[in-house]
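Enquirer: Can you keep this structure in mind? I'll have questions shortly.
The values are calculated or read from the model by the stated rules, or taken from the named source; none is laboratory data. None of these values were measured; they are calculated from a predicted model. Positions of Cβ are backbone-derived with ideal geometry, glycine not excepted, and every protein chain shown enters the neighbour counts. Surface accessibility is based on the protein's heavy atoms, side chains included, excluding ligands, DNA and RNA. Shrake-Rupley method; radii C 1.70, N 1.55, O 1.52, S 1.80 Å.
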Amino acid sequence: MPTRSRVVVLGAGFGGLELTTILSDAFGDAIDIVLIDKSDSFVFGFSKLDVMFGRKLPASVRHSRRGIVKLGVRFVQSIVRSFDPAARRVVTDDGTFEADILVVALGADYDLDATPGLRTGGHEFYTVAGAFALRDVLPKFERGPAIIGVTGKTFKCPPAPSETALLLHDYLVARGRREATEISVVMPFGVPIPPSPDTSRAILAAFAERGIKFVKDSLVRALDPDRKVALLSDGTEMPYELFLGVPVHRVPAVVVESGLATDAFGWVPVNKKTLETNFPGVFAVGDVNGVGTPKAGVFAEGAARVVAAEIIAQLRGGPSPEAYKGAGSCYVEFGHDLVGRVDVDFLSGPKPTGTFQEPSVTLVEEKVQFGATRLHRWFGLPAPAGE
Ligand SMILES: Cc1cc2nc3c(=O)[nH]c(=O)nc-3n(C[C@H](O)[C@H](O)[C@H](O)COP(=O)(O)OP(=O)(O)OC[C@H]3O[C@@H](n4cnc5c(N)ncnc54)[C@H](O)[C@@H]3O)c2cc1C
């Protein structure tokens, strides 16, 4: 490269971290990467469940972004206030950054106020703060109905509500409170994981075994905290004592204001093969884009790999890399200290397909390794055994 190309990456989550790691490995200090995130620490989505059910302490799942020490990469902790995709210019609380290549990996935001009553009458477990606060709420739940309720059609990690129900079951059994409680899952799909019938069957069988009710094809539109009822999209009501919600997801406002997205629910349009936006040299990676894959870390990571390969090819003048396949594996907590796995492929064939691996102790260990390898690659933590 004749001059150091400037790559600015907005968001140091799954997508941003993977992308900068690959580019740093490829170019070392021959590239100038600025990685911007408002938060000083990274938390895996699945760690939110570990903390809320008391399986891990909050401090043990926060990974400081100050640990990002990579050749060619400068981490800036700051809020992105605005960006101009045509000029590839980014304005933050800590200055303005100009880019040759701009990668938007700002994830999905939540709109808690879109569900009336949620803030005052319920809880949500999707933000770090919400999930961590539940650690002190769940021990006080003694009796009555618990609802795990999805409030919007698009939401991260589709297995998470089902995992939460199965973990809540174990948690209440351990506390001797299961007999006095009921658990229901309200979801906008006909089955828990539509692309994988085998995974759905296994989850529904686990629900039936444990007396967990699955309310299909429904959303929770609002809570009435005075009457302690959830109002569903089909007009029916469900009483609750404990409400654990998946909040409405939206495109971050700064992305809408940039013109990359049309509105709060218009996930950024991209070229399905390269993940480049309508603006040359501007890519959208992970939950923020509308490529059609589920909103999950493994998909953000896969997208980051494709964009990194594309950037490497562009800067080195090589051939374009393989197109994005939209495939990924998700580990699914099944309770009883077991983890299953679903592998889904969204873009290779005419319709999404998925395969399922039965819950096992081996997959528990595989999930631990999955986390440990990312922490090693992204933050330089010790390599997991066997690497
Ligand atoms: C309960 C739960 C369980 C989950 N379990 C799994 C799982 O088992 N497997 C899996 O693959 N996925 C899982 N997920 C989903 C996964 O966490 C997300 O899909 C993934 O993090 C998306 O990656 P991303 O890079 O697109 O966005 P994120 O990882 O969300 O990163 C976006 C980053 O942008 C930053 N940001 C946003 N706005 C600004 C701004 N204006 N200025 C500066 N910084 C900003 C944020 O601080 C954030 O760090 C789970 C999610 C939840 C909530």
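Enquirer: Identify all residues within region 347-363 that are farther than 30 Å from Leu172 by Cβ and open to solvent by 40 Å² or more (accessible area, probe 1.4 Å); write none if there are none.
Expert: Once the filter is applied, which keeps residues that are farther than 30 Å from Leu172 by Cβ and open to solvent by 40 Å² or more (accessible area, probe 1.4 Å), region 347-363 yields Leu347, Ser348, Pro350, Lys351, Pro352, Thr353, Thr355.
Enquirer: Right, another one. Would you mention how many residues in region 320-347 are closer than 20 Å to Leu204 by Cα and outside any strand (DSSP E or B)?
Expert: 2
Enquirer: State whether one or more residues within region 316-327 are open to solvent by 20 Å² or more (accessible area, probe 1.4 Å), away from the ligand (no atom under 13 Å from the Cβ) and on the phi > 0 side of the Ramachandran plot.
Expert: Yes, because at least one residue in region 316-327 is open to solvent by 20 Å² or more (accessible area, probe 1.4 Å), away from the ligand (no atom under 13 Å from the Cβ) and on the phi > 0 side of the Ramachandran plot.
Enquirer: Residues to consider are Arg81, Arg4, Arg65; find the one that is more than 9 Å from the ligand (Cβ to nearest atom) and among the charged types (D, E, K, R).
Expert: Arg4
Rundown of residues vs (1) of a type in the set (Phe, Trp, Tyr); (2) open to solvent by less than 40 Å² (accessible area, probe 1.4 Å); (3) under 26 Å from Ser184 (Cβ atoms), yes/no style:
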| position | (1), (2), (3) |
| --- | --- |
| Glu241 | no, no, yes |
| Val251 | no, yes, no |
| Val255 | no, yes, no |
| Asn271 | no, no, no |
| Glu276 | no, no, no |
| Asn289 | no, yes, no |
| Lys295 | no, yes, yes |
| Val298 | no, yes, no |
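A quick yes/no check of all residues on (1) modelled with pLDDT under 95; (2) over 22 Å from the mean Cα position of the chain (by Cα); (3) over 22 Å from Ser47 (Cβ atoms); (4) open to solvent by less than 30 Å² (accessible area, probe 1.4 Å):
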site	(1), (2), (3), (4)
His123	no, no, no, no
Leu138	no, yes, no, yes
Pro161	no, no, no, yes
Ala180	no, yes, yes, no
Val191	no, no, yes, no
Ser218	no, no, yes, yes
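Enquirer: Is there any pair linking a residue in region 248-267 that is within 13 Å of the ligand (Cβ to nearest atom) to one that is of a type in the set (Lys, Arg), with Cβ under 8 Å and at least six apart or on different chains, and which?
Expert: Matching pairs, first to second residue: His249/Lys156; His249/Lys295; Val254/Arg81.
Enquirer: Then there is this: Here is a list: Leu106, Leu102, Leu49. Which entry is under 20 Å from the mean Cα position of the chain (by Cα) and open to solvent by less than 40 Å² (accessible area, probe 1.4 Å)? Don't jump to the end; show me each part of the working.
Expert: Numbers: Leu106 fails: open to solvent by less than 40 Å² (accessible area, probe 1.4 Å); Leu102 fails: under 20 Å from the mean Cα position of the chain (by Cα).
Only one candidate qualifies: Leu49.
Enquirer: Among the residues of region 291-309, how many are at pLDDT 95 or above and more than 12 Å from the ligand (Cβ to nearest atom)?
Expert: Qualifying residue count for the region: 4.
Enquirer: Whether any residue in region 322-335 is among the charged types (D, E, K, R), touching an Asp or Glu at 6+ places or on another chain (Cβ under 9 Å) and in contact (Cβ under 8 Å) with a residue 40 or more places away in the chain is what I want to check.
Expert: Yes, region 322-335 contains a residue that is among the charged types (D, E, K, R), touching an Asp or Glu at 6+ places or on another chain (Cβ under 9 Å) and in contact (Cβ under 8 Å) with a residue 40 or more places away in the chain.
Enquirer: Can I ask one more? Please find, within region 37-54, the residue that is farthest from Pro139 (Cα to Cα) out of those that are near the ligand (Cβ under 7 Å from one of its atoms) and not aliphatic (A, V, I, L, M).
Expert: Among those residues, the one meeting the criterion is Asp37.
Enquirer: Which of the numbered conditions does Gly67 fail, given that it passes all the others? Conditions: (1) at pLDDT below 95; (2) within 19 Å of Arg316 (Cα to Cα).
Expert: Of everything listed in (1) at pLDDT below 95; (2) within 19 Å of Arg316 (Cα to Cα), Gly67 misses just condition (2).
Enquirer: Also, I was wondering about something else. I'd like to know if region 121-131 contains one or more residues that are aromatic (Phe, Trp, Tyr) and within 12 Å of the ligand (Cβ to nearest atom).
Expert: Quick first cut of region 121-131, residues aromatic (Phe, Trp, Tyr) only: 125-126.
Right, trim to within 12 Å of the ligand (Cβ to nearest atom) and you get 125-126.
Among the residues of region 121-131, at least one is aromatic (Phe, Trp, Tyr) and within 12 Å of the ligand (Cβ to nearest atom), which makes the answer yes.
Enquirer: Return the residue satisfying two criteria in turn: it lies in region 11-36 and is near the ligand (Cβ under 7 Å from one of its atoms) and within 16 Å of the chain's Cα centre (by Cα), and of such residues it is surrounded by the most Cβ atoms within 10 Å (Cβ to Cβ).
Expert: Here the answer is Gly15.
Enquirer: Taking region 67-125 on its own, how many of its residues are among the aromatic types (Phe, Trp, Tyr) and farther than 23 Å from Gly290 by Cβ?
Expert: The first filter runs over region 67-125 and keeps only residues among the aromatic types (Phe, Trp, Tyr), leaving 75, 83, 97, 110, 125.
Then drop every residue that is not farther than 23 Å from Gly290 by Cβ, which leaves 75, 97, 125.
Result for region 67-125: 3.
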